[in-house]
Amino acid sequence: AQKVTQAQTEISVVEKEDVTLDCVYETRDTTYYLFWYKQPPSGELVFLIRRNSFDEQNEISGRYSWNFQKSTSSFNFTITASQVVDSAVYFCAPGKLTFGTGTRLQVTL
Amino acid sequence: GAVVSQHPSRVICKSGTSVKIECRSLDFQATTMFWYRQFPKQSLMLMATSNEGSKATYEQGVEKDKFLINHASLTLSTLTVTSAHPEDSSFYICSAKKGGDYGYTFGSGTRLTVV
């Protein structure tokens, strides 16, 4: 079974601030995938990244970056220079079946 | 790309009626699709795994006779909410996976309101 904890329920930042969304997971699998999704107010889920458990290289994609630490079972997501359009609920998912409770990010002017 | 189309986006139905939601993979074939349910301000809960040409696999606590899933082709899965009641009102979303690094692509979701 897999379990994921997104301890931050809601985060509010001012535009241009950096923000990090935390994700801690539990799994008994030796190899697994980790995902982050974004759900804007319109409702659809947008795939952001998939990380394989044996690849601990951190990744940067534009203003997004991910910090995967297998030793602490964490897969944190950072948005640099946040924008209003980043306002959404962000879900961390260890695999396709389990989603965290989500972190609602509100970016204001 | 990997596009999943879900229809309808919104539906209002009367209590006791049935509603069918379609999930189509537009530019790829998906032998497996997934159906989720999301209550307001809550996470997604996997309801069932839809397998092309065979019976769906339901998660514990999900009523098979209530939520009928049909995956008759490699590009289409349908979820039928039978004899809908107000407590079935929710946001239903499907997903499918294309090979490679596309991850899981989600449909745009269907907001069902049973009155």
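The values are calculated or read from the model by the stated rules, or taken from the named source; none is laboratory data. Note that the structure is a prediction, hence the values are computed from the model and not measured. So basically every Cβ, Gly included, is an ideal-geometry build from the backbone, and we count neighbours across all protein chains shown. All accessible areas refer to the heavy atoms of the entire protein, side chains included, with ligands and DNA or RNA removed. Shrake-Rupley method; radii C 1.70, N 1.55, O 1.52, S 1.80 Å.
Taking a probe of 1.4 Å, how large is the accessible area per residue of region A:41-109, in Å²?
46 Å²
Taking the Cα centre of the protein assembly as shown as origin, work out the dipole magnitude from +1 charges on Lys and Arg Cβ and -1 charges on Asp and Glu Cβ, in debye rounded to 20.
Rounded to the nearest 20 debye, it is 500 debye.
Using the Cα centre as the reference, give the magnitude of the dipole from point charges on the C-beta atoms of region A:1-80 (Lys, Arg: +1; Asp, Glu: -1; all else neutral), rounded to the nearest 20 debye.
180 debye
HN-Hα J couplings of region A:11-20 from phi, Karplus 6.51/-1.76/1.60, θ = phi - 60°, integer Hz, Gly and Pro as x?
Running phi through 6.51 cos²θ - 1.76 cosθ + 1.60 with θ = phi - 60° gives 10, 10, 9, 9, 3, 5, 6, 8, 9, 10 Hz.
Amide H to amide H, which residues 5 or more places from A:ILE49 or on other chains are under 5 Å from it, using H placed in the peptide plane?
A:TRP36
Using a 1.4 Å probe and counting only protein heavy atoms, how much accessible surface gets buried when B and A come together, both sides summed, in Å² to the nearest 100?
Heavy-atom accessible area buried at this interface is about 1400 Å².
Which whole-Hz couplings ³J(HN,Hα) result when phi for each residue of region B:24-40 is put into the Karplus expression 6.51 cos²θ - 1.76 cosθ + 1.60, θ = phi - 60°, listed in order with x for Gly and Pro?
10, 8, 7, 10, 7, 9, 10, 6, 10, 10, 10, 10, 10, 10, 9, 7, x
Using a 1.4 Å probe on the protein chains only, how many percent of the accessible area of the protein assembly as shown belongs to carbon and sulfur?
50 percent
Would you kindly give the portion of the calculated P(r) for chain B that falls above 26 Å, as a percent of all Cα pairs?
Here the tail beyond 26 Å accounts for 13 percent of pairs.
Please report the net charge: other residues with Cβ closer than 12 Å to the Cβ of B:GLN38, K and R +1, D and E -1.
Summing Lys/Arg as +1 and Asp/Glu as -1 gives +2.
Sum up the charges of everything whose Cβ sits under 12 Å from the Cβ of B:GLY109, counting Lys and Arg as +1 and Asp and Glu as -1, but leave B:GLY109 out.
Net of charged neighbours comes to +2.
Can you find, among B:PHE34, A:VAL89, A:ALA7, the residue farthest towards the positive end of the dipole of the protein assembly as shown? Put +1 on the C-beta of Lys and Arg, -1 on that of Asp and Glu.
B:PHE34
Jot down the radius of gyration and Dmax of the protein assembly as shown, Cα atoms only, both in angstrom.
Just the Cα atoms of the protein assembly as shown yield Rg and Dmax of 17.8, 52 Å.
³J(HN,Hα) across region B:45-53 via Karplus (A = 6.51, B = -1.76, C = 1.60, θ = phi - 60°), whole Hz, x for Gly/Pro?
With coefficients 6.51, -1.76 and 1.60, one gets 10, 5, 9, 6, 10, 9, 10, 4, x Hz.
Partner chain Cβ atoms within 10 Å, averaged over the residues of A:98-104 - can you pull that number for me?
Going residue by residue through A:98-104 and averaging, the value is 3.
In square nanometres, what is the average projected area of the Cα convex hull of region A:43-109?
5.2 nm²
For region A:1-63, what is the per residue volume of the convex hull drawn over the alpha-carbon atoms, in cubic angstrom?
124 Å³
What's the average, rounded to a whole number, of partner chain beta-carbon atoms within 10 Å of each residue's beta-carbon in A:43-49?
Taking the mean over all residues of the peptide, I get 6.
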